[in-house]
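Undergrad: Following this message is one structure expressed as structure tokens.
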Amino acid sequence: MSNERLRSALLAKGVTIQELADSIEVNPKTVERWITQGKVPYRRHQYATAAKLKVDVTTLWDDSRAVATSADLSKAEIVTIYPHRHMVPNTLWREIYERAESRVDVLVYSGLWLSEDPLFHDLLKRKAEGATQVRILLGDPGCEAVRQRGIDEGHRIMDGKIRNALMNYRPLFASHPDIGFRLHDGTLYNSLFRSDDEMLVNTHVYGIGAYMAPVLHLRRLPGGGLFDTYANSIEQTWGSARPVLDLDITGA
């Protein structure tokens, strides 16, 4: 039996099968089977579809699996997990930020590899010139948390990496003052990269660099709590962070 409610929801929102499939990362033929054969998706795909179409999940499926607890929803917010950051597709970082309409947030110590990407700089400019809020949070190079993180990773150059990142971003300070840059002195347990209701969470693990630590790809779902837990930490860190000064860049 076909699922006409799903077909109607797609038409009402002007979303194609291909667009839905790309958004929730499944094969378009799988979406077609949900419609034409009435196949019931995995729970995480049910909620991802409902979030994309901005409808209640029970509007699309009556299946008992659609009734989920908060814990179920939080699990469904996990799109995928990468064992190491270097295994994340190189294009994914820019792709999630390209999709941003309201907010772009970066919370890191240095995030040096992003600051060295000219395409990322261009993306920040485009977003800031539109209606998107852009906020970049780097570690305060002189704070104890930064010094300790360098030691934990097996080196003592974290402050230098931050100053290098600040130097890379320096052209944006003057040309795009609407891009928010602040320095924090907090202990980070994760580096966070948020684009609207999508986020990459790079965990921090003692003794290894962040590029070797796992990354969670999250997509926010109504009723889930995992995404919001990380998002709230961005807000708290931004609120206590300070503006960037020239001496933070030069070290003088």
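Undergrad: Taking Arg219 and the conditions (1) more than 17 Å from Val108 (Cβ to Cβ); (2) at pLDDT 95 or above; (3) not aliphatic (A, V, I, L, M), which numbered condition does it fall short on, given that it satisfies the others?
TA: (2)
Undergrad: Another question, then. What is the number of the single condition among (1) of a type outside the set (Lys, Arg); (2) more than 13 Å from the chain's Cα centre (by Cα); (3) surrounded by 11 or more Cβ atoms within 10 Å (Cβ to Cβ); (4) assigned to a helix (DSSP H, G or I) that Asp228 does not meet?
TA: (2) is the only condition that Asp228 fails.
Undergrad: Considering only residues that are open to solvent by less than 20 Å² (accessible area, probe 1.4 Å), under 13 Å from Asp248 (Cβ atoms), in a helix (DSSP H, G or I) and of a type outside the set (A, V, I, L, M, F, W, C), which ones fall in segment 130-172?
TA: Scanning segment 130-172 gives a single hit, Tyr169.
For (1) among the β-branched types (Val, Ile, Thr); (2) over 21 Å from Trp93 (Cα atoms), each residue gets a yes or a no:
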site	(1), (2)
His184	no, yes
Thr187	yes, yes
Ser191	no, no
His204	no, no
Met212	no, no
Val215	yes, no
Gly224	no, yes
Tyr230	no, no
Ile249	yes, yes
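Undergrad: Answer yes or no: is there a residue in segment 199-217 that is open to solvent by 70 Å² or more (accessible area, probe 1.4 Å), assigned to a loop (DSSP other than H, G, I, E, B) and within 22 Å of Val134 (Cα to Cα).
TA: no
Undergrad: Right, here's the next one. How many residues are within 10 Å of Leu53 (Cβ to Cβ), in a helix (DSSP H, G or I) and either touching a strand residue (DSSP E or B) at 6+ places or on another chain (Cβ under 6 Å) or open to solvent by less than 70 Å² (accessible area, probe 1.4 Å) (or both) if we restrict to segment 9-30?
TA: Qualifying residue count for the region: 4.
Undergrad: Within the set of pairs 6+ apart or on separate chains, which have a first residue in segment 188-217 that is at positive phi, a second that is open to solvent by less than 30 Å² (accessible area, probe 1.4 Å), and C-beta atoms under 7 Å apart?
TA: Partner pairs satisfying both residue conditions: Asp196/Ala100.
Condition check ((1) open to solvent by less than 60 Å² (accessible area, probe 1.4 Å); (2) closer than 14 Å to Leu218 by Cβ; (3) assigned to a helix (DSSP H, G or I)) across all residues:
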residue	(1), (2), (3)
Val79	yes, yes, no
Ile96	yes, yes, yes
Ala100	yes, no, no
Val104	yes, no, no
Trp113	no, no, yes
Phe120	yes, no, yes
Lys125	no, no, yes
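Undergrad: Report the residue count in segment 184-196 for those that are crowded, with 20+ Cβ neighbours inside 10 Å and over 16 Å from Leu114 (Cβ atoms).
TA: Total satisfying the criteria: 1.
Undergrad: Determine the pairs where a residue that is without any contact (Cβ under 8 Å) to a residue 12 or more places away in the chain, located within segment 11-33, has a partner that is of a type in the set (A, V, I, L, M) and open to solvent by 30 Å² or more (accessible area, probe 1.4 Å) with Cβ atoms under 7 Å apart, the partner being 6 or more residues away or on another chain.
TA: Partner pairs satisfying both residue conditions: Pro28/Ile17.
Undergrad: Any residue that is among the hydrophobic types (A, V, I, L, M, F, W, C) and within 26 Å of Glu77 (Cβ to Cβ) - is there at least one of those in segment 170-192?
TA: Yes, that holds for at least one residue.
The values are calculated or read from the model by the stated rules, or taken from the named source; none is laboratory data. These numbers come from a predicted model, not from an experiment. Please note: Cβ atoms are built from the backbone with ideal geometry, for glycine as well, and neighbour counts cover all protein chains shown. Note: accessible area is taken over every heavy atom of the protein model, side chains too, but ligands, DNA and RNA are not part of it. Shrake-Rupley method; radii C 1.70, N 1.55, O 1.52, S 1.80 Å.
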